[in-house]
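Have a look at the structure below before the remarks.
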Amino acid sequence: MTTPSEESPDDALAPEGFAAWQAMTKEDVRAKLRNPLSGFQNAQDLDKQKWSDANTEIVSLWTDVNGLGGRTDLLEGVVAYGNAVMGKNQWLVNSSVPLPFSLTIGPMKGVEQVTTGSGSGFKMLSEGCWRVDVFTLVDGTPFTGSNDCELDIRVECPDGSEYETKRFVLELGSTAPGFGTNQKGTIGGPHSFVVPDPDYRVFAIGRSSRWRRYMGGTLYSMFSINKWDTQVTDQAPSEVDDSDNAPN
């Protein structure tokens with residue numbers, strides 16, 4: 001309809017349009033009749049272009065997603081773990097003895113249980129930043145000798161050579177009057193480290209110069225390993241220098 005502000009209905013042919021129609025030749029009319037669907041063809045071409053653009057975006061997105069395969073470094077939280085307790089109470093004296101953490105607790109991911117001598121530990125199946133927590137109860141005995149007990153967390157290279165060691169020392173017993181030498185206590189703690197390649201191994205090593213019994217089972221022992229990240233940077237040295245204010 002025609003609105004008060006307009007002179008003709010919507011889409012009506014304007015007066016100057018008649019001149020254009022009148023100027024059309026026979027060939028112009030035939031050309032229009034030969035291609036009556038040109039507007040529809042243009043719409044199809046536009047639709048095809050839109051689908052082509054969308055397909056390009058989908059392919060690009062899939063390429064980005066596919067590139068995330070194996071990128072565990074982008075995940076938060078623990079990405080590998082294992083837990084075990086000692087399957088036997090280990091007696092030892094005057095030697096370094098790998099402790100038998102042979103009984104696993106729950107599932108393992110990214111690690112495997114391995115043995116060395118009579119001891120059991122874990123093999124790490126990937127490089128990265130790891131943390132190990134180990135403890136055991138050192139039982140008192142009536143045997144004589146030094147009161148010092150040691151527990152090492154020993155990290156080994158794939159070829160079995162030593163990579164690094166964390167040492168815990170516990171003194172049990174006293175020679176002072178009124179104190180007995182048949183004492184017991186828990187030894188162990190955490191150790192964080194970085195390994196540059198897969199297949200490094202870690203064990204707990206007990207040591208005492210007198211007969212001692214390192215206790216097992218869930219009541220007295222635990223060996224827990226967790227991986228925190230795939231980065232292999234910032235490994236600290238095993239030993240460092242004294243501070244500047246050390247006495248002469």
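The values are calculated or read from the model by the stated rules, or taken from the named source; none is laboratory data. Quantities reported herein were computed from a predicted structural model and do not represent experimental measurements. Here Cβ is always computed from backbone atoms with ideal geometry, including for glycine, and neighbour counts include all displayed protein chains.
A few notes on this one:
- Of the criteria (1) modelled with pLDDT of 95 or more; (2) part of a strand (DSSP E or B), which one C149 fails: (1)
- Filter result (surrounded by fewer than 13 Cβ atoms within 10 Å (Cβ to Cβ), of a type outside the set (S, T, N, Q) and either over 29 Å from the mean Cα position of the chain (by Cα) or part of a strand (DSSP E or B) (or both)) within region 199-248: L219, D241, D242, D244, A246, P247
- Across region 95-121, the qualifying residues are those that are of a type in the set (A, V, I, L, M, F, W, C) and part of a strand (DSSP E or B), and the one among them that is farthest from the chain's Cα centre (by Cα) is V97.
- Residue selected from region 122-157 under the condition small (G, A, S) and under 20 Å from the mean Cα position of the chain (by Cα), by the criterion nearest to Q231 (Cα to Cα): G128
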